[in-house]
1. Report, by residue number, each residue of the stretch 35-60 that is within 12 Å of residue 83 (Cα to Cα) and among the polar types (S, T, N, Q).
2. Against the definition (open to solvent by 50 Å² or more (accessible area, probe 1.4 Å) and closer than 20 Å to residue 117 by Cα), how does residue 90 come out, yes or no?
3. Checking the condition aliphatic (A, V, I, L, M), open to solvent by 40 Å² or more (accessible area, probe 1.4 Å) and part of a loop (DSSP other than H, G, I, E, B), which residue from 103, 98 passes?
4. (1) modelled with pLDDT of 95 or more; (2) within 16 Å of the chain's Cα centre (by Cα); (3) surrounded by fewer than 14 Cβ atoms within 10 Å (Cβ to Cβ): which one isn't true of residue 80, the others all being true?
5. Just need a number here: residues in the stretch 49-71 that are small (Gly, Ala, Ser) and either in contact with a strand residue (DSSP E or B) (Cβ under 9 Å, 6 or more places away or on another chain) or assigned to a helix (DSSP H, G or I) (or both).
6. Report whether or not residue 97 is within 16 Å of residue 30 (Cβ to Cβ) and at pLDDT below 95.
7. Go through (1) open to solvent by 40 Å² or more (accessible area, probe 1.4 Å); (2) outside any helix (DSSP H, G or I) one by one and return the number of the condition residue 74 breaks.
8. Could you tell me which residue of the stretch 106-115 is farthest from residue 90 (Cα to Cα), considering only residues that are in contact (Cβ under 8 Å) with a residue 24 or more places away in the chain and in a loop (DSSP other than H, G, I, E, B)?
Amino acid sequence: VAIIVAILAAVAIPLMTANKRRAIATEAEAACGTIKTALRIYYAESNAYPTVGAGTLATTLTGIGTNDLNGTYFSTACYTFQSAPATFTITATGNNSAAPKAADAAGIAITLNQDGTFVRTGL
């Protein structure tokens, strides 16, 4: 019985850890959606996305306040974007987090583009 329990634990613990990291990533995905909405509003008003380089903080967008993106695992400093008139890429990186449980988000990176495609790493 002890051996069976040990084998089950050896299999279950890594699975649960991976599921926890995917759950943490959903916070970043939701915030990336908020940024995407702000970019789409900008596009609707200007007929183009703003032209900014990589690493531009999301708080430079109209409608995104300095504390709007703070969460349990990711803080506002985690969210950057770059855009050209017809494209954008939003990036959330847990390594930059100052959130209360930032250590749990370390190594997680989420990228979202204008087509709605997410790329997830570190999960």
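1. The answer is 51, 56.
2. For residue 90, the condition - open to solvent by 50 Å² or more (accessible area, probe 1.4 Å) and closer than 20 Å to residue 117 by Cα - is not met.
3. On the way: 103 fails: part of a loop (DSSP other than H, G, I, E, B).
Step by step, each of 103, 98 is checked, and only 98 is aliphatic (A, V, I, L, M), open to solvent by 40 Å² or more (accessible area, probe 1.4 Å) and part of a loop (DSSP other than H, G, I, E, B).
4. (3)
5. Final tally of qualifying residues: 4.
6. yes
7. (1) is the only condition that residue 74 fails.
8. So, considering only residues that are in contact (Cβ under 8 Å) with a residue 24 or more places away in the chain and in a loop (DSSP other than H, G, I, E, B), the one farthest from residue 90 (Cα to Cα) is 108.
The values are calculated or read from the model by the stated rules, or taken from the named source; none is laboratory data. As the structure is a computational prediction, the values presented were derived from the model and not from experiment. Virtual Cβ from ideal backbone geometry, glycine too; neighbours counted across all protein chains shown. Side chains are part of the model used for accessible areas, which takes the heavy atoms of the whole protein and leaves out ligands, DNA and RNA. Shrake-Rupley method; radii C 1.70, N 1.55, O 1.52, S 1.80 Å.
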